[in-house]
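Contents: one structure, followed by commentary.
The values are calculated or read from the model by the stated rules, or taken from the named source; none is laboratory data. These figures come from a predicted structure and were not determined experimentally. Cβ sites come from the backbone with ideal geometry, for glycine too, and all protein chains shown count toward neighbours. In case anyone asks, the SASA skips ligands and DNA or RNA and just uses the protein heavy atoms, side chains included. Shrake-Rupley method; radii C 1.70, N 1.55, O 1.52, S 1.80 Å.
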Amino acid sequence: MVKTFAVIGDPIEHSLSPSIHNAAFKALNLDCTYIAYRIPRGELKEGIESLRQIKIAGFNVTIPHKIEMMQYLDDISPECKMIGATNTVSNDNGKFTGYNTDMDGFLEPIKKRNIGISGESVLVLGSGGAARAIVAGFAKEKAKKITISNRTLQKAQALSEFASSLGAEADYIKLQNVDVSKYKFVINATSVGLKNEPSPIPTGAINANHVVYDIIYMPMNTDLIQQSKKNSATIIYGYEMLLGQAALAFQIWHRVQAPYEAMKKVLLGGF
Ligand code: ATR
């Protein structure tokens, strides 16, 4: 019998996850399908009840449900518990287990380039759900110091307290006070750039020693990425995190290596 997977969220119509997973099914000849299912805020309980009815095999969770979904899980992986949000759920005969593949999906492109994190200073822009998984990742990899900057300063403070609770040295500053020369890693986890806005921070001091990672994948070349590229920084693209988290979710559900190249090909073709 064909197994059905889904991504739930709102908005969901532009999600690239169905293309990525369906390409993987095709590459490995799996009798599976993956759909986008819009569940508006406030309707999560009813939404997942209908997923149960159709015996969904597994699903991804995106904005705005990553945190609220936690209360509907029967079991929670250690990463998922640490981050306090889930993006991947498996269904084993009605038992929902929550995972979070955002953290390791984010780290994967850094590791693939053999860039060390231990002992390095990190600047994270943004304090939403994505920033939380990223901060947890840098704490896990023993970054020397994590600085968080955000438009709403209280949220940056709360996230820096979260980083401290994971054993990392952390602080927070206003966006206007950012001095990029203090950091090796500059991560954009805000939504600034989605609509082609200018970079959320000045880029003049970015140089070849920086690693600039923008988690926005559409557009692929945000202003921050373009300016950083001109200044010879090492660039990591948002689509790499998207693929990283998708490949890890795939491996949780199917227990085989994800066909990364097939997934990447369909994703880049979609841009
Ligand atoms: P996600 O789950 O993807 O992290 P989110 O929780 O909505 O999404 O977080 C969006 C982030 O982008 C927040 O850090 C937000 O800042 P606020 O906490 O002040 O809302 C940031 N952001 C969104 N629009 C912004 C803007 N115009 N300027 C600066 N930061 C912005």
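For the stretch 132-213, what does the relative contact order come out to in percent, with C-alpha contacts under 8 Å and a separation of six or more?
Over the stretch 132-213, the number comes to 25 percent.
For helix 260-270, what angle does its Cα long axis make with the longest principal axis of the chain, in degrees from 0 to 90 and rounded to 10?
The angle comes out at about 80 degrees.
Order the peptides 174-182, 121-129 from the highest to the lowest mean number of other Cβ atoms within 10 Å of their residues.
Answer by packing, highest mean first, reads 121-129, 174-182.
Over the chain, with the other protein chains present, what is the accessible area per residue in square angstrom, probe 1.4 angstrom?
I get 47 Å² per residue for this part.
Using θ = phi - 60° and the Karplus curve 6.51 cos²θ - 1.76 cosθ + 1.60, what whole-Hz ³J(HN,Hα) does each residue of the stretch 233-244 get, with Gly and Pro shown as x?
Per-residue couplings from phi come out as 6, 6, 10, 10, 8, x, 5, 5, 5, 4, 5, x Hz.
Highest mean first, what order results for 203-212, 52-61 on Cβ atoms within 10 Å?
52-61, 203-212
Under a Cβ-only charge scheme (Lys and Arg +1, Asp and Glu -1), can you give me the dipole magnitude of the chain about the Cα centre, in debye to the nearest 20?
The calculation lands at about 420 debye.
Could you name the aspartates and glutamates whose alpha carbon sits less than 17 Å from that of K265, not counting residues in the same chain fewer than 8 places away?
Result set, ordered by chain and number: E240.
Give me the percent of accessible area attributable to carbon and sulfur for the stretch 181-246, probe 1.4 angstrom.
Answer for the stretch 181-246 is 51 percent, counting heavy atoms of protein chains only.
Roughly speaking, what is the stretch gain from E46 to K144, that is 0.36 nm per residue apart minus the C-alpha to C-alpha distance, in nm to one decimal?
Full-extension gain reported as 30.9 nm.
I need the fraction of alpha carbon pairs in the stretch 178-254 separated by more than 14 Å, rounded to a whole percent.
59 percent
Pop a pseudo-label 7 angstrom from the Cα along the beta-carbon direction at both Q71 and A208 and give the gap in nm to one decimal.
Each label point is offset 7 Å from its Cα along the Cβ direction, giving 5.4 nm.
log₁₀ I(q)/I(0) of the chain at q = 0.08, 0.09, 0.11 Å⁻¹, via Debye over equal Cα point scatterers, no solvent, to two decimals?
-0.32, -0.40, -0.61
How many angstrom lie between the C-alpha centres of the stretch 111-127 and the stretch 175-220?
Answer, in whole Å: 13.
Please give the net charge around A57, taking every other residue with its beta carbon less than 13 angstrom from that of A57, where Lys and Arg add +1 and Asp and Glu add -1.
For residues surrounding A57, the net value is +3.
Just want to confirm a number: the relative contact order over the chain, from Cα pairs under 8 angstrom separated by 6+ residues, in percent.
With pairs under 8 Å counted, the relative contact order is 17 percent.
For the stretch 129-141, take each phi angle, set θ = phi - 60°, evaluate the Karplus expression 6.51 cos²θ - 1.76 cosθ + 1.60, and give the result in whole Hz per residue in order, putting x for glycine and proline.
Whole-Hz 3J(HN,Hα) from phi for the stretch 129-141: x, 5, 4, 5, 5, 5, 4, 4, x, 5, 5, 4, 8.
Where q = 0.19, 0.21 Å⁻¹, what log10 of I(q)/I(0) comes from the Debye formula for the stretch 94-227, counting one point per Cα?
Scattering profile of the stretch 94-227, log10 relative to I(0): -1.10, -1.36.
Spelling out what I want: for every residue of the stretch 154-164, take phi, set θ = phi - 60°, compute 6.51 cos²θ - 1.76 cosθ + 1.60 (Karplus), and round to whole Hz; glycine and proline get x.
4, 5, 5, 5, 4, 5, 5, 5, 4, 4, 4
What net charge do the residues around D92 carry, taking every other residue with its C-beta under 14 Å from that of D92, with Lys and Arg at +1 and Asp and Glu at -1?
In short, +3.
Given H placed 1.01 Å from N in the peptide plane, which residues other than close sequence neighbours of D214 have an amide H under 5 Å from its amide H?
N188, I236, G238
Within the stretch 234-252, list the residues whose amide N lies under 19 Å from a label point set 7 Å along Cα→Cβ of L268.
Inside the label zone: 234-248.
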